[in-house]
Amino acid sequence: MTHWQKISAALAATALAGWAGLTAPASNAATTVCGSNCAALYNLDYGTTDLLAVAGASGTSASPGQLIWMTQATNTNPGEDWVLNPEGTVADFYYAGILSSGLNTHYGSDEVYEYQYAPNGTATGYCLGVAVTNASGYSSVALEPCGVNNKTLWIFDVADQYHRDIPLITGTDTNFSYPYVLTGDTLGTFLHTKQITGGNGIIDTGQYWATIYGPLP
């Protein structure tokens, strides 16, 4: 259930009403038990051999601040199960007072998503998000409560899309020429956001993301 009611009753009159409770599009899962409600994320650097996962996943439990990394793809790791929730456009969130005017100017028509952690198909209420952001805009990536603020919003950077792979701009971004995007180009380390390396097809392959469908072999 959405937490936005705690922030502003006015959101009920916007297109964002019920934001965190939206149903994800049908897709499939990293684990077999997660079935048709979940998906698994990978980047162009490693393809589908390594997936975005919650570090130290244990059953269906979750807690805020759990860090995220890339780990070997398997159909038994509940840490690789996510639900993709389409939430509207950047413009929707700008007019609701959630995203900045700069993001609206540069990415207003781009879609915004949340990625809820759903180990073995169990919704946790925690989403892929940014933790504390330092002055440079760099941030570690961890589980954060869904639907509370811009920390769990990810913008599809359509202008830099490559085939079906796309950079994911954090909703906390303040650099609009070279935005801060989800980055996973080093195995064995926790994910973070950092500035996109460039445009016109020369972006770091670890900053391109896509979804794999179906339980993994």
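What to note about this one:
- Kirkwood hydrodynamic radius computed over the stretch 75-123 comes to 12.1 Å, based on all pairs of distinct alpha carbons.
- Neighbour net charge for Gly198 - beta-carbon separation under 13 angstrom, K R +1, D E -1: -2
- Sequentially through the stretch 73-82, phi angles give Karplus couplings (6.51, -1.76, 1.60; θ = phi - 60°) of 5, 7, 8, 10, 9, x, x, 9, 8, 9 Hz, Gly and Pro residues having no value and appearing as x.
- Over the stretch 72-211, accessible surface divided per residue gives 38 Å², non-protein components excluded, 1.4 Å probe.
- Amide H contacts for Thr197 (H built 1.01 Å from N in the peptide plane; partners 5 or more residues away or on another chain; cut-off under 5 Å): Asp204.
The values are calculated or read from the model by the stated rules, or taken from the named source; none is laboratory data. Nothing here was measured: the structure is a model prediction, and the numbers come from that model. No Cβ is skipped: glycine too gets one built from the backbone with ideal geometry, and neighbour counts run over all protein chains shown. Just so you know, the surface numbers come from the protein's heavy atoms only, side chains and all, with ligands and any DNA or RNA stripped out. Shrake-Rupley method; radii C 1.70, N 1.55, O 1.52, S 1.80 Å.
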